[in-house]
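Notes for the one structure printed next.
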Amino acid sequence: MAITDTSKPILAVGCRWNRENEEPMLLFPEGAIKVQGTGLAILELCDGQRTFPQILEELQRLYFGADPKRIRDDASRFLEQLHEKRIVDF
Amino acid sequence: MSNPLALIAEITHRCPLHCVYCSNPLELAAAASELKTEDWQRVFEQAARMGVLHLHLTGGEPLARADLEELVASARQARLYTNLITSGLGLSRERLARLVECGLDHIQLSFQDSDQTRADWIAGTKSHAHKLKLASWIREHRIAFTTNLVVHRQNLDHLEETLRFLETLRPDRIEIAHTQYYGWALKNRSFLMPTPSQLETALQVVAAAEQRLKGKIRIDSVLPDYHAKYPKACMGGWGRRLVLINPAGEALPCHAAGVIPGLVFENVRDRPLQSIWNDSPAFEKFRGESWMQEPCRTCERRTEDFAGCRCQAFLLTGDAAATDPVCSLAPSRGLIDQTLRESPSNVVSAAALASDWTYRPNPTRT
């Protein structure tokens, strides 16, 4: 499913952080992924309150000077992939 | 060697169901031999310190333990991701709410079939109607919900219908598990082994469901290994990623390892889990590659599938170090081909089946 401007992404039910280790792990049924860098920045903004454009705005502030189109493409691809794996809902 | 990522805790072998493909050993642990609450709590702490991320509470039926809430709370306190694998039998709406409050992350509810009568004779008990109610209660909470369906010759013909039924329960995940032939399922193999045409249809049905449910429900399905070309990397390799603790406290590399003669399983009552994992002879036995035989020893797949399943090798060839006979390169592959050739293809009536197959009993209380 494609993410839209009204989407408010949030971690899916049954998906949560484990921050015991140096690199935060995202835990979900039968699996876990290490998240770092941009991925971590994106997911930390997915609180179910912010809309996708608001997330992009914050990312733009964080990665000052980066091409807005590239930020949008990367973030939507990332979130759509996690949506398919049922890790993120929107 | 790295530490395990998941702990499978068989907290009891008591179970109100009598499934003919149960993964428990034929020799079930009696209630009196079970670990106490504080033993499990200590083990959860130890596991979390070792870097274990996931805890799978299973059985038997884990709900048979009155201290399940306490166990879930301790697991969560130890920061383990806690999954309850259950038939749901006897789980009330109130107890479910308590388990969620204690920190349960994920519930995996087993189904036998979409149809009440058929489901009940596979399980050897009446359980289906209650599961339906339970599924709707589960969706009242913010926890992950998986429905698990074990498939075999007697229920594969209506897989599509069953999947459509499971969809209506709105799980996050549907797990389709082909019966694996150990313990009770091996005893009942001639009734359970699917036919090649059933498998072919099942592949198409699953592919269509995956497409239909994309982004809504994740489907996890694995081909049964008898029909595969190469063996599964059983448990991610012996003593590599998973540790199982049985009701009596013995630490095993997998559910079935007890069938292999000569292995002594150390008990978490006597030694910390980390030491058992590090150097107990049972875990060391099939680590690395020096125990492997040809063709595995020089096969380039050995680092992927670790020569397959040790228990299956023993159960079918009598030698636990042999190449898993399901491998097309195994000298003993003929055994599997023969089984497939000789497996009947009939789907039989409930009554006929009930008189012929072996239901798993409930272990004694003492």
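The values are calculated or read from the model by the stated rules, or taken from the named source; none is laboratory data. Remember, it's a predicted structure, so these values are computed and weren't measured experimentally. Note: ideal-geometry Cβ built from the backbone for every residue, glycine included; neighbour counts use all protein chains shown.
Considering each residue of segment B:206-214 in turn, at least one proves to be within 14 Å of chain A (Cβ to nearest Cβ), out of contact with any Lys or Arg (no Cβ under 7 Å at 6 or more places or on another chain) and not in a helix (DSSP H, G or I).
Each row is one residue, and each column tells you yes or no for (1) over 28 Å from residue B:140 (Cβ atoms); (2) within 14 Å of chain B (Cβ to nearest Cβ).
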| site | (1), (2) |
| --- | --- |
| A:2 | yes, yes |
| A:26 | no, yes |
| A:29 | no, yes |
| A:42 | yes, no |
| A:45 | yes, no |
| A:61 | yes, no |
| A:64 | yes, no |
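A count restricted to segment B:96-113 and to residues that are modelled with pLDDT of 95 or more and more than 14 Å from chain A (Cβ to nearest Cβ) stands at 5.
Out of the residues in segment B:37-82 meeting the condition of being charged (D, E, K, R) and assigned to a loop (DSSP other than H, G, I, E, B), tell me which one is nearest to the chain's Cα centre (by Cα). My answer is B:61. The condition (being assigned to a loop (DSSP other than H, G, I, E, B), loosely packed, with under 15 Cβ neighbours inside 10 Å and touching a Lys or Arg at 6+ places or on another chain (Cβ under 9 Å)) is satisfied by just one residue among B:294, B:289: B:289. Screening residue A:59 against (1) under 30 Å from residue B:171 (Cβ atoms); (2) free of Cβ contacts under 8 Å to residues at least 60 places away in the same chain leaves a single unmet condition, (1).
Conditions (1) away from every other protein chain (no Cβ under 14 Å); (2) outside any helix (DSSP H, G or I); (3) in contact with a His (Cβ under 8 Å, 6 or more places away or on another chain); (4) of a type outside the set (Asp, Glu), marked per residue:
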site: A:39; (1), (2), (3), (4): yes, no, no, yes
site: A:50; (1), (2), (3), (4): yes, yes, no, yes
site: A:54; (1), (2), (3), (4): yes, no, no, yes
site: A:73; (1), (2), (3), (4): yes, no, no, no
site: A:81; (1), (2), (3), (4): no, no, no, yes
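The criterion of being within 27 Å of residue A:86 (Cβ to Cβ) and within 14 Å of chain A (Cβ to nearest Cβ) holds for residue B:76. From the list B:126, B:131, the lone residue that is modelled with pLDDT under 90 and in contact with a strand residue (DSSP E or B) (Cβ under 7 Å, 6 or more places away or on another chain) is B:131. Restricted to segment B:159-190, and to residues there that are hydroxyl-bearing (Ser, Thr, Tyr) and in a helix (DSSP H, G or I), the residue that is nearest to the other protein chains (Cβ to nearest Cβ) is B:162. Within segment A:5-20, residues that are at the interface with another protein chain (Cβ under 7 Å from one of its Cβ atoms) and part of a strand (DSSP E or B) sit with their Cβ atoms under 9 Å from residues that are among the small types (Gly, Ala, Ser) and surrounded by 14 or more Cβ atoms within 10 Å (Cβ to Cβ), at 6+ positions apart or across chains, in these pairs: A:18/A:32.
Answer yes if at least one residue in segment B:113-126 is crowded, with 22+ Cβ neighbours inside 10 Å and not in a helix (DSSP H, G or I), and no otherwise. Yes; the residues of segment B:113-126 include at least one that is crowded, with 22+ Cβ neighbours inside 10 Å and not in a helix (DSSP H, G or I).
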